[in-house]
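Engineer: What follows is a structure written as structure tokens; I'll ask about it next.
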Amino acid sequence: MSEFSLEAESDTAPQAEYRVLARKYRPTRFADLIGQDAMVRTLANAIARDRIAHAFLMTGVRGVGKTSTARLIAKALNCIGPDGTGGPTIDPCDQCEPCRAITEGRFIDVVEMDAASHTGVDEMRDVIDSVRYAAVSGRYKIHIIDEVHMLSKSAFNALLKTLEEPPPHVKFIFATTEVGKVPVTVLSRTQRFDLKRIPAELLADHFRRIAETEGAAIEDDALKLIAAAAEGSVRDGLSLLDQAIAHGSAGGSSAGSADGDTATADTITASAVREMLGLADRGRTRALLRAILTGDAAAALTELNGQFALGIAPDMAIEGMLETVHAVTRTQVGASIDLVMSEEGRTEIADWAETIPPAALHRFWQLLLKGLEEVRRGTMALEAAEMAILRLIHAAQMPDPGSLIRALEGAVTDVPVVRQPAPKDEPARTPEPVAVAPPPLTDVPQTAGATPIRPAAIAPTGKAPNDADALIALVEQEDPLLGLWLHDDVGIVRHAVEETGELILAGHEHRANAAALGRLLSAQFARPVNVRFDPDATAPSARERGLAAARAEREAVLADGNVRRLLTAFPDAELVDYQIGNETIGADNMAENAAPPDIRERNMQ
């Protein structure tokens with residue numbers, strides 16, 4: 001809505017009594033509501049088409065016009081026009097008795113209740129009893145309940161039936177800042193309007209007109225500062241404007257006189273408003289961050305203690321640095337920063353955005369968040385803030401991992417790098433360790449260093465597989481516990497199930513498991529299979545071969561040139577895990593597991 005009125009609310013108090021701007025310029029018409037065009041359009045259409053809901057819910061942050069809108073709806077529904085013959089209208093006349101009485105807060109059929117101080121079910125019983133009686137002098141009896149989320153559960157439940165089917169002459173209007181606390185059973189019975197935060201530009205224009213009406217000279221930049229500090233709230237902004245006018249007055253009244261003449265007042269500057277809002281401390285915040293970026297620990301701690309001496313809490317100092325880092329990051333991506341930033345601050349923020357890498361800014365953000373948590377949770381706030389700043393100074397001097405790798409590539413040249421040729425149709429890539437696969441396990445005993453086994457399970461077909469690993473997978477599929485024993489505890493010396501029906505094992509002899517394995521294989525392949533142990537033979541188990549292959553793979557990773565450079569630069573570093581392809585291998589994969597107990601006994605239990 002581009003045009004709106006700045007007519008002050010009717011003032012029945014004596015002229016000598018001053019009224020704050022937030023009350024003096026409370027909207028008296030829907031045209032005075034700024035930034036809520038969608039809601040006004042919906043209400044106008046509903047009134048014009050006689051589709052007026054029986055209950056409304058106004059929600060939004062403080063100071064955006066929830067209660068004022070509720071009163072405007074009450075006025076619009078009860079207006080009778082200057083001649084007394086009018087009906088509901090989106091543009092009340094402000095001349096008839098209902099309009100004047102509602103504006104002055106003395107209309108008997110508009111009942112306002114503060115739910116913050118009337119939370120119980122007894123108050124709701126009074127409301128329910130009153131709705132049975134018709135309006136005394138108005139068209140509708142309207143109940144306005146402010147901060148409705150403060151009602152108790154019993155009060156909400158008592159209101160539900162009446163709220164769902166109220167008499168035709170009753171309308172309910174609720175207002176709340178915390179709609180999430182309102183039961184869904186109440187929300188479903190109301191027509192909800194979400195009042196938006198007012199944009200800073202619209203607020204600044206609104207405050208400019210009010211200042212002109214009040215005869216106060218104020219700079220545009222000062223109005224922008226007030227609008228930004230209001231955070232979308234008209235009431236908060238008017239309170240700040242009232243304070244700024246008082247702050248900049250030079251003995252004369254800032255309000256218009258009774259005969260319409262305008263009193264003189266000094267021009268209110270942006271610097272005065274910035275000082276009034278406490279925004280001058282942002283310069284000290286930038287000074288603290290500047291000392292951190294330059295690595296001057298003594299200057300950083302001195303600045304922090306100086307702010308502490310002025311009454312700035314340590315957590316507020318860190319929050320200020322978080323806001324500055326956020327502003328630098330927004331500048332890097334091309335987004336605008338807030339209106340309360342001074343020109344000097346904008347210049348410095350822009351310089352930092354060009355010189356500080358994005359990775360460093362994100363690291364700063366995380367470290368500051370951690371420091372803020374430590375300051376708020378600890379018992380020594382100033383000391384915790386100092387340690388957080390020292391940690392941040394240390395992080396500011398460290399390069400990011402990419403720069404570190406590039407620096408290390410030129411720092412150590414005597415470490416050989418194993419390179420593998422790239423395919424002809426692909427460019428060369430970073431070297432990776434290559435594991436050499438051994439021949440499959442057959443009659444020849446295997447030694448440590450073989451490739452990891454555990455192939456995909458093979459469905460039984462009636463024909464014995466020639467590969468021992470496939471045989472183990474087949475047994476695991478048929479009997480998981482027996483397969484675990486065959487995989488972990490014994491080695492296969494000879495696998496000749498298909499030729500001679502014989503399977504020779506090495507290791508600790510377990511006759512029960514061997515007999516169970518023979519029965520399983522005999523049933524699987526429809527031929528007798530003899531499973532026996534050779535006491536003179538030695539062969540590693542599949543598990544031992546897998547561990548040996550994992551150790552060999554880890555040694556190959558440690559032998560990589562880039563890894564050796566990192567370990568040379570950081571002697572205390574350890575290889576925790578590594579990734580080959582899509583598989584991440586950690587230290588837990590190398591753990592030696594104890595041999596399982598008797599598998600057959602566990603089956604029997």
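Engineer: Return the distance in nm (one decimal) between the two label points of a simple spin-label model at ARG19 and LEU484, each offset 7 Å from Cα along Cα→Cβ.
Structural biologist: Reported label-point gap for ARG19 and LEU484 is 8.3 nm.
Engineer: So what are the ³J(HN,Hα) numbers for the stretch 199-213, from phi and the Karplus equation (6.51, -1.76, 1.60; θ = phi - 60°), rounded to whole Hz, Gly and Pro as x?
Structural biologist: Ordered by residue, 3J(HN,Hα) equals x, 4, 5, 5, 5, 4, 5, 5, 5, 4, 5, 5, 4, 5, 5 Hz.
Engineer: In terms of modelled amide H atoms, which long-range or inter-chain residues lie less than 5 Å from the amide H of ARG192?
Structural biologist: Amide H neighbours of ARG192: LEU57.
Engineer: Another question about this same structure. For a quick check of understanding: with a 1.4 angstrom probe and all protein chains in place, what accessible area in square angstrom does SER68 have, to the nearest ten?
Structural biologist: Accessible area, nearest 10 Å²: 10 Å².
Engineer: Along the charge dipole of the stretch 15-135, pointing to its positive end and built from +1/-1 on Cβ of Lys, Arg, Asp and Glu, which listed residue (GLY84, LEU21, HIS118) has its Cα farthest out?
Structural biologist: LEU21
Engineer: If you place +1 on the Cβ of every Lys and Arg, -1 on the Cβ of every Asp and Glu, and leave all else neutral, what size is the dipole of the stretch 496-576 about its Cα centre, to the nearest 20 Debye?
Structural biologist: The calculation lands at about 200 debye.
Engineer: Could you tell me whether the stretch 466-542 comes out rounded, prolate or oblate from its Cα gyration tensor? Rule is a ≥ b ≥ c as square roots of the eigenvalues, rounded for a/c under 1.5, then prolate if a/b exceeds b/c, otherwise oblate.
Structural biologist: Rounded shape, in that the Cα axes give a/c under 1.5.
Engineer: In the stretch 30-102, what trypsin sites (Lys or Arg not before Pro) fall in a loop by DSSP, with at most 13 other Cβ atoms inside 10 Å?
Structural biologist: Of the trypsin sites (Lys or Arg not before Pro), the ones in loops of the stretch 30-102 whose Cβ has at most 13 other Cβ atoms within 10 Å are ARG49, ARG51, ARG62.
Engineer: In what sequence, highest mean first, do 515-528, 534-547 appear when ranked by Cβ atoms within 10 angstrom?
Structural biologist: In descending order of packing, they fall as 534-547, 515-528.
Engineer: So which GluC sites (Glu not before Pro) in the stretch 470-522 are both in a DSSP loop and have at most 11 other Cβ atoms within 10 Å of their Cβ?
Structural biologist: GLU499
Engineer: Assign one of three labels to the stretch 7-158, namely rounded, prolate or oblate, based on the Cα gyration tensor with a ≥ b ≥ c the square roots of its eigenvalues; rounded applies when a/c is under 1.5, prolate when it is not and a/b is larger than b/c, and oblate otherwise.
Structural biologist: Rounded is the answer for the stretch 7-158, as its axis ratio a/c remains below 1.5.
Engineer: What is the distance in Å between the Cα centres of the stretch 62-141 and the stretch 341-368?
Structural biologist: When both Cα centres are located, 52 Å separates them.
Engineer: Once a ≥ b ≥ c are taken as the square roots of the eigenvalues of the Cα gyration tensor of the stretch 273-374, is the result rounded (a/c under 1.5), prolate (a/b larger than b/c) or oblate (a/b not larger than b/c)?
Structural biologist: In terms of gyration-tensor shape, oblate.
Engineer: Based on Cα positions only, what radius of gyration and what Dmax would you give for the stretch 164-255, in angstroms?
Structural biologist: Taking only Cα atoms of the stretch 164-255, I get Rg and Dmax of 19.1, 59 Å.
The values are calculated or read from the model by the stated rules, or taken from the named source; none is laboratory data. None of the values given here were measured: they were computed from a predicted structure. Using ideal geometry, Cβ is built from the backbone for each residue, glycine included, and neighbour counts are taken over all protein chains shown. Areas reflect the complete protein model, heavy atoms only, side chains present, ligands, DNA and RNA absent. Shrake-Rupley method; radii C 1.70, N 1.55, O 1.52, S 1.80 Å.
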